[in-house]
1. Looking only at the range 46-67, count every residue that is within 17 Å of residue 198 (Cα to Cα) and touching a helix residue (DSSP H, G or I) at 6+ places or on another chain (Cβ under 7 Å) and tell me the total.
2. Determine whether the range 125-144 contains at least one residue that is part of a loop (DSSP other than H, G, I, E, B), more than 30 Å from residue 33 (Cβ to Cβ) and within 23 Å of the chain's Cα centre (by Cα).
3. If you take the residues in the range 39-75 that are within 18 Å of residue 200 (Cβ to Cβ) and free of Cβ contacts under 8 Å to residues at least 24 places away in the same chain, which one is nearest to the chain's Cα centre (by Cα)?
4. For the structure I just gave you, tell me whether residue 163 is under 18 Å from the mean Cα position of the chain (by Cα) and of a type in the set (Asp, Glu).
5. Identify all residues within the range 61-88 that are out of contact with any Pro (no Cβ under 6 Å at 6 or more places or on another chain) and in a helix (DSSP H, G or I); write none if there are none.
6. What is the residue count in the range 132-172 for residues that are exposed (fewer than 15 other Cβ atoms within 10 Å of the Cβ), in contact with a strand residue (DSSP E or B) (Cβ under 9 Å, 6 or more places away or on another chain) and either free of Cβ contacts under 8 Å to residues at least 60 places away in the same chain or among the β-branched types (Val, Ile, Thr) (or both)?
Amino acid sequence: MRKYLHVCSSMLIAGFCLLPLPAATQPVAGRDYTVIEPAQPTEDPGRIEVIEFFSYACPHCNDLNPLIHKWAEDLPRDVLFTRVPVNFNPFYGLMAKLFYALDATGDLARLDAPLFAAIHEQGLRLVSEKSIADWAVSQGVDARRFSEAWNSFSVDARFKRVDQLARGHRIQSVPAIAVDGRYLVGGKSLQELLTLADQVIAQRRAERKESPARP
């Protein structure tokens, strides 16, 4: 008996004592996510849309950025991942417009991480159109192309839609993850946020299978 207890204690320390494991927990409304009412339309009704609401000015978004990019790479093909920069204040607004301007010039993927680093590690004050343009040019973006993108109708239209999306999805803080226009995911840590997002995506996938006529 003593030998058995010793063996089991050793296995407990290693995390392998042969005890029944709890079943995988299901996300709970009001605790792990909130229901978005009314549900918001999505870009592609044939796929589960996941939106990360964020800002380059947000320190927590800076911490989440490498984690969520890695997470997004492994999402199933039936999931459409998009990012929406919020416009909570003038600084956040400038960063939101910069997001769309860099997307228009084709430099967003290349400069996404460097932009976070410029603000949160290097302490650059990108608080005006000139300082933003100077930074973009210093990163190899063509000055004329950037100016044209920044002042373009398409960038302005996408920027103006930010507030509508944030209001519709009931976004009050960032980072935030919305699933299919119906659920806003919670989480006490950044890793828990992504774990719960996976669970809510799975829940939404099951709902779609049960009601295929109403995606």
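1. 7
2. Yes, the range 125-144 contains at least one residue that is part of a loop (DSSP other than H, G, I, E, B), more than 30 Å from residue 33 (Cβ to Cβ) and within 23 Å of the chain's Cα centre (by Cα).
3. Per the stated criteria, the residue is 72.
4. Answer is yes for this residue.
5. Matches in the range 61-88: 62, 63, 65, 66, 67, 68, 69, 70, 71, 72, 73.
6. Counting residues in the range 132-172 that are exposed (fewer than 15 other Cβ atoms within 10 Å of the Cβ), in contact with a strand residue (DSSP E or B) (Cβ under 9 Å, 6 or more places away or on another chain) and either free of Cβ contacts under 8 Å to residues at least 60 places away in the same chain or among the β-branched types (Val, Ile, Thr) (or both) gives 1.
Each reported figure results from applying straightforward, stated rules to the coordinates on display, with no laboratory input. These numbers were taken from a predicted model, which means no experiment stands behind them. Quick reminder, even Gly has a Cβ in these numbers, built from the backbone with ideal geometry, and neighbours come from all protein chains shown.
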